[in-house]
Amino acid sequence: MTSRGNFRIYGAVVQLVERVVRNDEARGSTPLSSTFNPSMFTVYVLFSDTAGKRYTGYTADLERRIQEHNDITAGSLGRFTLKNGPWRLVYHETGYATRKEAMKREKFLKSGQGRQYLDGILQ
């Protein structure tokens with residue numbers, strides 16, 4: 001491969017990483033740079049009494065994240081969170097050493113089996 005081809009690939013990788021970081025910041029998630037942060041991650045479930053809906057996510061700072069979900073003036077809120085609040089914490093799991101572990105658990109809790117699990121413990 002030519003050096004020009006290598007530059008094109010490198011540029012594409014840089015653009016992809018920048019896009020992922022922007023998306024994470026836009027949805028209020030912890031930035032990629034925090035993967036190397038020694039703090040632990042928390043997977044959490046919020047519930048909106050007004051909408052009767054659940055929201056599942058992960059963060060390195062649970063208190064800050066809940067405040068962000070309930071701040072209707074925050075520009076980084078997603079439409080789902082903004083439209084269906086206010087939110088209260090109903091469940092959380094702490095101690096995930098890496099972002100990847102927290103994302104895996106979040107994905108499970110959003111699956112059919114995970115929703116059944118949450119239904120069982122939240123009743």
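Could you compute the FRET efficiency for Asp119 and Ala51, with r as their C-beta to C-beta distance and R0 at 25 Å, rounded to 0.05?
On the way: r = 17 Å, r/R0 = 0.67.
After rounding, the FRET efficiency stands at 0.90.
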Q) If you plug each phi of segment 96-105 into the Karplus form 6.51 cos²θ - 1.76 cosθ + 1.60 with θ = phi - 60°, what whole-Hz ³J(HN,Hα) values come out, in order, with x for Gly and Pro? A) 7, 6, 10, 4, 4, 4, 5, 5, 5, 5
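FRET efficiency for Asn70 and Thr94, Cβ-Cβ distance as r, R0 = 22 Å, nearest 0.05?
Computed FRET efficiency for Asn70 and Thr94 comes out at 0.60.
No value in this document is a laboratory result; all are computed from the given coordinates. Bear in mind that the values here come from a model prediction, so they are computed numbers and not experimental data. Please note: Cβ atoms are built from the backbone with ideal geometry, for glycine as well, and neighbour counts cover all protein chains shown.
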